[in-house]
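The values are calculated or read from the model by the stated rules, or taken from the named source; none is laboratory data. Remember, it's a predicted structure, so these values are computed and weren't measured experimentally. Here the Cβ positions follow ideal geometry from the backbone for every residue, glycine too, while neighbour counts run over all protein chains shown. With ligands, DNA and RNA removed, areas are computed over all heavy atoms of the protein, side chains included. Shrake-Rupley method; radii C 1.70, N 1.55, O 1.52, S 1.80 Å.
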Amino acid sequence: MTSIPPFTPPERLLLGPGPSPVDPRILQAFTRPTLGHLDPQFLEVMDQVRSMLREAFKTKNDITFPVSGTGTAGMECCLVNLIEPGDEVVVLEQGYFGRRMADIAGRAGGKVHKLDAKWGEGFTPGQLETFLEGKKPKVVAFVHAETSTGFRQDVPELVEVARGAGALTVLDCVTSLGGIPLEIDRWGVDAAYSGTQKCLGGPPGLAPVTFSPRALEKIQKRSVKCVSWYLDVSLVTQYWGGPRAYHHTAPINNVYAIHESLRLLLEEGLEARWKRHREAHERFAKGAQEIGLRFVVAEPHRLPQLNAVWLPEGVDDKAGRKRLLEEHGIEIGTGLGDFAGKVWRIGLMGHGARSEVVDRVLAALKKVLGR
Ligand SMILES: *Cc1c(COP(=O)(O)O)cnc(C)c1O
């Protein structure tokens, strides 16, 4: 008989593009006894999660809940519910995740028009306006915090242009929620999704989503059913709201975890959380420049929670990251897509956005880069 020992994970400091270090309070919440998915006390926890998510997203949207699945499930949920076969969809692509949105929009039957930007750059309202001329998009989708490049896209101006063209907007907030200012209602965003393992500082497993009344109206007026049964908002919300009808078994312990993540976020306060991420970034940027690292993104659009730097000449991507992991216990991210082998991505998200963490990664980078 083979006997496999229990798994004890090594100690790692997670400073890549996610998952981020999990706050011990969240891990503790995760390990509490599993309740039934219709237990009255669990239903109360679900209500609290929805109400805290509304605060985090800064929205009054009734349809706000966490989808079972990671950030990509949230992306898919927003797109497949809002897109009907033949709908014109405009996707702004300035990195890896915009590309993924375009793929999903096409699979949902959308007639996809892609507007590209150079990786590491974003879009101006004027560019979008010109691109929309002669098109009748039902949906315009883009990424707020592009984790593959470290670019922060200005949102409200683009939403205004999309609205002017009669489109609903879908915003990827996977890396922005809990890290940088985000205001769903004030900015007029119609659908947005996020994930638990970035700036919310929890384990991966849930994808918070929110839909505006306008988005809900489009969903209710669909002439064909949503292609996904599992992600169909008109069905899932029968469990997360109203009649509490069984749809699928909620990942109970993940819900405990997001409950604690959101409690931590609101205890600290949104503004204070954003400020903590900014300060961690500023400390990192100062130290990074001292050891000769150059940022990919121009300063006004840099994400504090995701620092993308050019790999210095003569440094081997794989060997360098291997040393960081094995000698220092630190995980950072490599480049994706167009940036493969060219960029290192240092995430300072959630529980990782602290000065002692910044000092530790800077010291390790100094050694590995031989500075
Ligand atoms: C991480 C990420 C995703 C995908 O989330 P998963 O949890 O990996 O499915 C989508 N968009 C952005 C911007 C991300 O950073």
Does any residue in the stretch 292-307 that is modelled with pLDDT of 95 or more come within less than 7 Å, Cβ to Cβ, of a residue that is assigned to a strand (DSSP E or B) and open to solvent by 50 Å² or more (accessible area, probe 1.4 Å) six or more places away or on a different chain, and which pairs are these?
294/310; 296/310; 301/152; 302/152; 303/152
Meets criteria (β-branched (Val, Ile, Thr), in contact with a Leu (Cβ under 7 Å, 6 or more places away or on another chain) and open to solvent by 10 Å² or more (accessible area, probe 1.4 Å)) for residue 161:
yes
Quick one: which residue in 333, 341 is in contact (Cβ under 8 Å) with a residue 60 or more places away in the chain and in contact with a strand residue (DSSP E or B) (Cβ under 8 Å, 6 or more places away or on another chain)?
333
Mind checking which residues of the stretch 82-120 are more than 20 Å from residue 160 (Cβ to Cβ) and touching a Ser or Thr at 6+ places or on another chain (Cβ under 8 Å)?
84, 95, 96, 97, 100, 119, 120
For the stretch 252-365, list the helices (runs of 4 or more DSSP H) that sit wholly inside it and hold at least 3 residues that are surrounded by 14 or more Cβ atoms within 10 Å (Cβ to Cβ) and among the aliphatic types (A, V, I, L, M); which are they?
252-268, 270-290
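Conditions (1) part of a loop (DSSP other than H, G, I, E, B); (2) β-branched (Val, Ile, Thr); (3) open to solvent by less than 20 Å² (accessible area, probe 1.4 Å), marked per residue:
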position: 181; (1), (2), (3): yes, no, no
position: 186; (1), (2), (3): no, no, no
position: 189; (1), (2), (3): yes, yes, yes
position: 196; (1), (2), (3): yes, yes, yes
The listed residue being out of contact with any Asp or Glu (no Cβ under 6 Å at 6 or more places or on another chain), farther than 23 Å from residue 210 by Cβ and not in a loop (DSSP other than H, G, I, E, B), out of 38, 27, 92:
27
Condition met for residue 165 (under 21 Å from residue 214 (Cα atoms), assigned by TED's automatic domain parsing to the domain that holds residue 206 and touching a residue at least 60 places away in the same chain (Cβ under 8 Å)):
no
Name the residue, out of 240, 274, that is outside the structural domain of residue 69 (by TED's automatic domain parsing) and of a type in the set (Phe, Trp, Tyr).
274
Consider residue 217 against the criteria (1) part of a helix (DSSP H, G or I); (2) touching a Pro at 6+ places or on another chain (Cβ under 7 Å): it satisfies all of them except one. Which criterion is unmet?
(2)
Quick one: is residue 107 away from the ligand (no atom under 13 Å from the Cβ) and open to solvent by 60 Å² or more (accessible area, probe 1.4 Å)?
yes
The residue that is farthest from the ligand (Cβ to nearest atom), considering only those in the stretch 64-89 that are part of a helix (DSSP H, G or I) and of a type in the set (S, T, N, Q), is 81
